């Protein structure tokens, strides 16, 4: 795959190789997890993918099943998992993440990021492995304007009782578990705070549809493009290969031990601007429609990536327009097969 080879060139150029490593990826059949599994296998690592397919898809990893270094374990990580193998790195990515899932599956989301995090930490502790925890920009809640772009030092403005709390607070609790294990057991841990990521393999269906795949599919099928609120709220959209590169740099580099790092695009984009760009790039005649803004939806979201630049030598390389073109091409191919 061309994008995996491009990613390998960038990481190998920085002296980063996972060859010979044993890596456990929870949520490995999800959008980001499957890209990480595929990259690690291509780089010579052996990979154990743990997923219960609550939101991950078998089709995301079906092409990996014949790889001799790949093992799929169908399991809910919020339940204890006995594995005989030891690992060098444990990457905990398992969690539902779409805002539309928060109302339907709040307990499962809380469990994946609390008990699931403890179970991943215990596997890493038994293996004396490094652990990377996939946190989120949502831990910042709805920051005041003076904290946008948002640095890792910002402690957040989060509702503990609102509809998003099952995700926001669970991720914050997950971070606390990671730091507690680090302090009590001296474990090597890293926390990545992921900002809005998009690209091929992202689900657009039902409650799983995030804004980019939802807009693309609506535009390609002639449906109204549904914008919540006025569309003036902002997000920072990161193409999947850029996000994966940042995550893998954080997982690999010795100097990143114990760190918490934002990985996301430093371009802040209004949602209405995204809708118009998708409409233009798809050549769609879809109408843009406006709907009530969900409760506690953040007004602005953009990372301060100073730390990622300094510590990891990372910054995004794929522009929003180029990333959308690649994603649209993938959706067009998928729709043509249906």
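Within segment 119-152, being surrounded by 19 or more Cβ atoms within 10 Å (Cβ to Cβ) and part of a helix (DSSP H, G or I) holds for 119, 120, 121, 123, 124, 137, 138, 139, 140.
Taking residues in segment 182-202 that are at negative phi and in a strand (DSSP E or B), and partners anywhere that are modelled with pLDDT under 95 and surrounded by fewer than 23 Cβ atoms within 10 Å (Cβ to Cβ), the pairs with Cβ atoms closer than 8 Å and at least 6 places apart or on different chains are 198/210.
The residue list 336, 284 contains one member that is part of a loop (DSSP other than H, G, I, E, B) and over 19 Å from the mean Cα position of the chain (by Cα), which is 284.
Quick one: count up the residues across segment 308-325 that are farther than 22 Å from residue 150 by Cβ, touching a residue at least 60 places away in the same chain (Cβ under 8 Å) and surrounded by 12 or more Cβ atoms within 10 Å (Cβ to Cβ). Even if it seems obvious, please write down each step before you answer.
Residues of segment 308-325 farther than 22 Å from residue 150 by Cβ: 321-322, 324-325.
Checking the rest, the ones that are also touching a residue at least 60 places away in the same chain (Cβ under 8 Å) come to 322, 324.
In the following step, the residues that additionally are surrounded by 12 or more Cβ atoms within 10 Å (Cβ to Cβ) were identified as 324.
Count: 1.
Can you find even one residue in segment 61-75 that is touching a residue at least 60 places away in the same chain (Cβ under 8 Å) and surrounded by 15 or more Cβ atoms within 10 Å (Cβ to Cβ)?
The answer is no; no qualifying residue exists.
Filtered by the rule that a residue be buried (at least 19 other Cβ atoms within 10 Å of the Cβ) and more than 17 Å from the chain's Cα centre (by Cα), segment 23-44 gives 23, 41, 43. Restricting to segment 153-168, and then to whatever is free of Cβ contacts under 8 Å to residues at least 40 places away in the same chain and under 24 Å from residue 91 (Cβ atoms), can you tell me which residue is surrounded by the most Cβ atoms within 10 Å (Cβ to Cβ)? Per the criteria, the residue is 168.
Test residue 178 against the stated conditions and say whether it is farther than 30 Å from residue 228 by Cα and touching a residue at least 24 places away in the same chain (Cβ under 8 Å). Taking the combined requirement at face value, the residue satisfies it.
If you take the residues of segment 209-238 that are under 25 Å from residue 34 (Cβ atoms) and part of a loop (DSSP other than H, G, I, E, B), which of them is modelled with the lowest pLDDT? I'd like the intermediate steps shown before the answer.
Going residue by residue through segment 209-238, those that are under 25 Å from residue 34 (Cβ atoms) are 209-221, 235-238.
Retained after the next criterion (residues that are part of a loop (DSSP other than H, G, I, E, B)): 209-210, 221, 236-237.
Numbers: 209: 78, 210: 92, 221: 95, 236: 97, 237: 98.
So, considering only residues that are under 25 Å from residue 34 (Cβ atoms) and part of a loop (DSSP other than H, G, I, E, B), the one modelled with the lowest pLDDT is 209.
Is it fair to say residue 332 is loosely packed, with under 14 Cβ neighbours inside 10 Å, touching a helix residue (DSSP H, G or I) at 6+ places or on another chain (Cβ under 9 Å), within 28 Å of residue 16 (Cα to Cα) and touching a residue at least 40 places away in the same chain (Cβ under 8 Å)?
Judged against the criteria, residue 332 is not a match.
Listed by first and then second residue, the pairs linking a residue in segment 280-293 that is free of Cβ contacts under 8 Å to residues at least 24 places away in the same chain to a residue that is surrounded by 15 or more Cβ atoms within 10 Å (Cβ to Cβ), with Cβ atoms under 9 Å apart and 6 or more places separating them unless they lie on different chains, are 283/219. Filtering segment 97-118 to residues that are modelled with pLDDT of 95 or more and either within 17 Å of residue 159 (Cα to Cα) or crowded, with 23+ Cβ neighbours inside 10 Å (or both) leaves 106, 107, 109, 110, 112, 113, 116, 117.
Within 23 Å of residue 244 (Cα to Cα) and at pLDDT 95 or above: does that describe residue 67? So residue 67 passes the test. Taken over segment 239-272, the criterion of being crowded, with 24+ Cβ neighbours inside 10 Å and in a loop (DSSP other than H, G, I, E, B) is satisfied by 264, 265.
The values are calculated or read from the model by the stated rules, or taken from the named source; none is laboratory data. As the structure is a prediction and not an experimental result, all values here were calculated from the model. FYI the Cβ positions are ideal-geometry reconstructions off the backbone, even for glycines, and counts take in every protein chain you see.
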